[in-house]
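Reviewing the structure listed below.
The values are calculated or read from the model by the stated rules, or taken from the named source; none is laboratory data. Model, not experiment: these values are computed from the prediction. Ideal geometry is used to build each Cβ from the backbone, glycine not excepted, and the neighbour counts take in all protein chains shown.
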Amino acid sequence: MPNRSWSLGFLGLALALAAPPAAHGAVMAQVVPVKYALTCRPGEVVARDVEIANQGDAPVVVRVTWSDWQMDDDGELTLVREGSTPNSLSKLVECEPREFSIGPHESRHVRVTARMPADGPATRWGVMLSEVKPASLTAPALGSRASAQLGTTFYLSRIPAEIVNAEVVGMTFKALGDSVAVGVQIRNAGERHYYVAGSIALRDSTGQEVATGTLPTGVVLPGRTRTFRWVCGASLSPGRYLASATLDTGGPELTVAEGEFKWPALRARTLAARQP
């Protein structure tokens with residue numbers, strides 16, 4: 001499979017490659033859920049259902065495949081060939097059925113069975129891809145575009161969800177016109193993935209709050225570092241500023257990371273992360 005890049009949001013992978021809903025012959029379909037995070041003991045077998053709903057007025061056919069995926073430090077996700085990554089679920093999952101049809105406004109379930117090995121990486125991940133096409137193409141001009149590709153991301157881990165090993169390793173500041181973009185770098189020093197959500201506040205040298213915002217929510221994979229960025233919407237006057245990011249990594253306590261910079265010269269330094 002050629003490499004393809006998408007972004008991974010909070011609810012996991014949801015790929016929509018369908019033609020516009022108003023176009024005659026276009027597919028309207030939905031997959032539920034878009035993400036499973038499963039904790040298993042070594043050797044344990046678990047099974048979950050994925051529902052694929054045909055929301056259109058014509059029957060469709062579905063073909064299910066499996067893919068690995070990778071993510072860079074900016075959160076960009078790339079689909080790669082099944083079995084090509086160290087944390088692959090290849091040969092550990094089975095999907096049934098693989099090909100089937102769905103009538104108008106009906107749905108069917110795919111049973112996904114996964115086995116947690118006792119050795120190798122403690123956390124594995126992959127995505128079940130469901131390609132949905134019309135059972136009969138009544139508008140040939142649409143061709144292969146009259147289809148949808150939907151995804152459900154699976155995580156399988158031997159590590160309990162409450163064990164979170166998150167480290168804030170730095171903050172970056174980049175000028176954007178008369179404002180600034182703040183990046184918070186978070187490293188996953190553990191063996192299980194976790195999701196990060198957070199907010200950020202910017203204060204001037206007097207302690208006055210000049211801007212607040214929300215950091216994008218996303219996953220940090222085991223052993224990886226990811227940068228979460230926020231763009232300040234306010235115009236900044238010359239001076240010194242303190243950026244404070246409050247992060248929820250799923251652990252028992254929130255983490256606060258701080259960094260200060262001088263504007264517009266952007267001489268910056270990262271302060272130590274702490275728990276409030």
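Among the residues of segment 27-56, write down those that are β-branched (Val, Ile, Thr) and more than 20 Å from Ala122 (Cβ to Cβ).
Correct list: Val27, Val31, Val32, Val34, Val50, Ile52.
Before we move on, is Gly218 within 17 Å of Asp73 (Cβ to Cβ), modelled with pLDDT of 95 or more and assigned to a loop (DSSP other than H, G, I, E, B)?
Spelling it out, it is not the case that Gly218 is within 17 Å of Asp73 (Cβ to Cβ), modelled with pLDDT of 95 or more and assigned to a loop (DSSP other than H, G, I, E, B).
Does Glu253 satisfy the criteria of being at pLDDT 95 or above, in a loop (DSSP other than H, G, I, E, B) and either in contact with a Lys or Arg (Cβ under 6 Å, 6 or more places away or on another chain) or not assigned by TED's automatic domain parsing to the domain that holds Gly75 (or both)?
On the way: at pLDDT 95 or above: no; in a loop (DSSP other than H, G, I, E, B): yes; either in contact with a Lys or Arg (Cβ under 6 Å, 6 or more places away or on another chain) or not assigned by TED's automatic domain parsing to the domain that holds Gly75 (or both): yes.
In short, no.
Read through the list (1) crowded, with 16+ Cβ neighbours inside 10 Å; (2) in a strand (DSSP E or B), then give the number of the only condition that Arg192 fails.
(2)
Are there any pairs, at least 6 apart or on different chains, whose C-beta atoms fall under 9 Å, with the first in segment 31-52 and under 10 Å from Arg111 (Cα atoms) and the second assigned to a loop (DSSP other than H, G, I, E, B), and if so, which?
Close Cβ pairs (under 9 Å, with a partner that is assigned to a loop (DSSP other than H, G, I, E, B)) amount to Arg48/Pro33; Val50/Pro33; Glu51/Pro33.
Hey, which of the strands (runs of 3 or more DSSP E) in segment 45-84, taking only ones fully inside, have at least 3 residues that are touching a strand residue (DSSP E or B) at 6+ places or on another chain (Cβ under 6 Å) and of a type in the set (S, T, N, Q)? So that I can check it myself, show each step before the final result.
Details: elements: 45-54, 60-71, 76-80.
Per the criteria, 60-71.
Of the numbered conditions (1) buried (at least 18 other Cβ atoms within 10 Å of the Cβ); (2) assigned to a loop (DSSP other than H, G, I, E, B), Val180 satisfies every one except a single condition; which is it?
(2)
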